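Take a look at the structure set out below.
The values are calculated or read from the model by the stated rules, or taken from the named source; none is laboratory data. None of these values were measured; they are calculated from a predicted model. As a convention, Cβ positions derive from the backbone with ideal geometry for all residues, glycine included, and neighbour counts pool all protein chains shown. When the accessible area is computed, the model is the full protein with side chains, heavy atoms only, and any ligands, DNA or RNA have been set aside. Shrake-Rupley method; radii C 1.70, N 1.55, O 1.52, S 1.80 Å.
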Amino acid sequence: MTIFRQYISPSTRLRHLIVETEEGGEQTQFFTHAPLVGQYANPWSSLKNPFHMANWTSVHTHTSSDLLKLWSLQVPDHHHANIATPLPSLGRRIIQGEIRWGNPMEVKGEYHHIPDILQAFCEVWCPKTNTLLTSVGELSISLWDLHILGGLPIWGALYEEIVPEVKELVGSDEKRIKYTPRTCEYLFAAFHHLRGANQEVSFSKWISFWCKKPQRYEAAPPREEKKSARPESTHNPSGGLPNTTRWSRIEERIFSGLGVKVDKRDETYLGAFLSCWLCAFVLPNKEGEFIRPGTFKMASLMESGKKISLAVPVLAIIYNGLNKISSLSQLNQIKVCFLIHYVYGWLAHYLKTHYAFSNGSFLATMVVYSGEGGARYFDSNDVRKCIHGGENVAWTSTMLDKTHPYFYVDNNHGKLSRSDVDSASSLRDEIQVIIKEMDCKDVDISPLKKLLNSFFDFAASYDQARSTLHDMDVENARKELFVAAGERLTNSMFEEQDKVEDVSSLRHSLNNMKKEIRALCKRAQDLQAHLAAAEDEVEGVKQATLLATQEFDSCYDVDLTNDLGQKREHLEAMRQELINSKLYLD
């Protein structure tokens, strides 16, 4: 089980989140910061010069009629620019001889083939207006472009990368609703399990830990040099989600090891993917290909359904990176980190620097421009015609392609917007008051009354139909809940069947082991009997050996005595012969 606790350094007073397990071992420490929004956010100090205006709009009179009024939207920092002063750009500084390109711009990774395009793009970028100053007009990357190209939400909660304190991580409100989804705790537990000696977890290690399925997409085919036509195919993903399958046993062991509840496995898996997506694609930084624990809170909120404004920080980082390049004093070595893949998608979409593939129903627009495989080739002259000259620019309604002020008049009379139709019934009382005032005058307004009554009858019918549709939506939602519950029940039945099969297999193995143990016990008894018989035989052999030894000893003594007598007789005979020989000699 993973344990979270708070620690405040007595010397520096810095706050830390400590992650450890019940078994002990090494701890993982994270610096914590107060959030900008949420339950434990510090109150914001009031601005000294707030962007406040009494009127957000100003009225103008049209030249053709004094009765026709036009409205324009004001901005908080509205001021008149000095159009006599040229706007700054890197290209202007190069023309004036203040700076020049040194080594060719190096772009690492998938976009290493576009240095000329990126150089021309940076040359016409104006850091003062955050626009491209082309010869045909001003262009820029907008929040709407990031929403359309990358699918990033514009509105939503503020995006912030912080490690929450323990009270925010595990706490809940009076209704027992957690401030931070439970998924966030599981992501910190996984990071604690995977972190190395340097307290870091790489992308590859994170993906290998969570994803145990085979690779789905093959590597892209090698690119042919100087391709002049769109490739016939690509290995890009289709964007469609495969049918959900049950978790494998390896994945279930991962969830069990982290203490993830069964009903939180899908959310935890999605949160792990989103944290990697935020670190690797949406908001990568120069620190390297490592998982940032500060993304866990945002990833867990996103998987729970909360919309986070991602387009705003992405656009701010793009602007900041391009402005840094435009303000460099030397262009020999450019070390600026910004989100080039979104710039690349914008160039491909609006300036046609890329061959587009047919997009699927689930794909963001930038995905149809498949990186290196479909990029067009430009030499130094062609690329400046494309970027500086604005050839083949796809102008849209959000681009400033006009050289002088224009007034746009909403003359779509006689049509109600959706919001007006939805609130038509609520206007009936107000209209009745006006009708009564008009009825006091000597004017026949019966046709108007009839028309208004008819209109409000239709509005009532519309409200009733809308209410019925809402009830149908609620009923459909309930049916979907029932279907989801049925699917969960089916999965539970499958899991139960698997567990029953596992228990049956274990019981069968246990019975076999019992039989083997009984056979071994019987064998041990037989061996004990054989051992006792062998011991008896050994005792008998010992007795026989003792008797044989005694008999041998007795026989040996008898033989020795007989042999000694014979030798004595022989010596006596020899002595007698010697005596006889001496006598003979004498």
> Considering only residues of region 130-172 that are β-branched (Val, Ile, Thr) and farther than 30 Å from residue 93 by Cβ, which is surrounded by the most Cβ atoms within 10 Å (Cβ to Cβ)?
Replying inline: 163
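Answer with yes or no whether residue 97 is open to solvent by 20 Å² or more (accessible area, probe 1.4 Å), within 15 Å of residue 341 (Cα to Cα) and modelled with pLDDT of 75 or more.
No, not satisfied.
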>> Which pairs turn up if I take residues in region 199-214 that are touching a residue at least 12 places away in the same chain (Cβ under 8 Å) and look for partners that are open to solvent by less than 80 Å² (accessible area, probe 1.4 Å) and assigned to a loop (DSSP other than H, G, I, E, B) with beta carbon separation below 7 Å, at least 6 apart in sequence or on another chain?
In response: 201/195; 201/291; 203/291; 206/291; 212/248
>> Quick check on region 299-320. Is at least one of its residues open to solvent by less than 70 Å² (accessible area, probe 1.4 Å), touching a Ser or Thr at 6+ places or on another chain (Cβ under 6 Å), in contact (Cβ under 8 Å) with a residue 24 or more places away in the chain and not acidic (Asp, Glu)?
In response: yes
>> If I ask for residues that are out of contact with any Lys or Arg (no Cβ under 7 Å at 6 or more places or on another chain), of a type in the set (A, V, I, L, M, F, W, C) and outside any loop (DSSP other than H, G, I, E, B), which ones from region 119-166 would you list?
In response: 121, 122, 125, 126, 132, 133, 139, 143, 144, 146, 148, 149
>> Regarding region 370-377, can at least one residue be identified that is within 30 Å of residue 183 (Cα to Cα) and either at pLDDT 75 or above or not hydrophobic (A, V, I, L, M, F, W, C) (or both)?
In response: no
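Residues checked against (1) among the aliphatic types (A, V, I, L, M); (2) in contact with a helix residue (DSSP H, G or I) (Cβ under 8 Å, 6 or more places away or on another chain); (3) farther than 19 Å from residue 128 by Cβ:
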{"position": "308", "(1), (2), (3)": "yes, yes, yes"}
{"position": "315", "(1), (2), (3)": "yes, yes, no"}
{"position": "319", "(1), (2), (3)": "no, no, no"}
{"position": "322", "(1), (2), (3)": "yes, yes, no"}
{"position": "330", "(1), (2), (3)": "no, no, yes"}
{"position": "338", "(1), (2), (3)": "no, yes, no"}
{"position": "347", "(1), (2), (3)": "yes, yes, yes"}
{"position": "356", "(1), (2), (3)": "yes, yes, yes"}
> Inside region 172-209, can you point out the residues that are assigned to a loop (DSSP other than H, G, I, E, B) and among the polar types (S, T, N, Q)?
Replying inline: 180, 198, 199
>> One residue is enough: does region 30-41 have a residue meeting the conditions open to solvent by less than 100 Å² (accessible area, probe 1.4 Å), part of a strand (DSSP E or B), modelled with pLDDT of 60 or more and within 30 Å of residue 199 (Cα to Cα)?
In response: yes
> Any idea how many residues of region 1-26 are surrounded by 10 or more Cβ atoms within 10 Å (Cβ to Cβ) and touching a residue at least 40 places away in the same chain (Cβ under 8 Å)?
Replying inline: 9
>> Suppose we keep only residues that are surrounded by fewer than 16 Cβ atoms within 10 Å (Cβ to Cβ) and among the small types (Gly, Ala, Ser) within region 321-344. Which one would you say is nearest to residue 364 (Cα to Cα)?
In response: 327
>> If a residue must be among the polar types (S, T, N, Q) and either open to solvent by less than 70 Å² (accessible area, probe 1.4 Å) or under 26 Å from residue 249 (Cα atoms) (or both), how many such residues does region 489-545 contain?
In response: 9
>> Among the residues of region 177-184, are any open to solvent by 70 Å² or more (accessible area, probe 1.4 Å), within 30 Å of residue 246 (Cβ to Cβ), touching a residue at least 12 places away in the same chain (Cβ under 8 Å) and not basic (Lys, Arg)?
In response: no
> Does residue 169 qualify as being assigned to a helix (DSSP H, G or I) and under 28 Å from the mean Cα position of the chain (by Cα)?
Replying inline: yes
> Name the residues in region 241-262 that are β-branched (Val, Ile, Thr) and modelled with pLDDT of 80 or more, would you?
Replying inline: 250, 254, 260, 262
> If you go through region 266-283 one residue at a time, do you hit one that is modelled with pLDDT of 90 or more, farther than 20 Å from residue 153 by Cα and of a type in the set (Phe, Trp, Tyr)?
Replying inline: yes
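Could you identify the single residue in 465, 484 that is part of a helix (DSSP H, G or I), modelled with pLDDT of 75 or more, open to solvent by less than 70 Å² (accessible area, probe 1.4 Å) and not β-branched (Val, Ile, Thr)?
Values: 465 fails: modelled with pLDDT of 75 or more.
The conditions single out 484.
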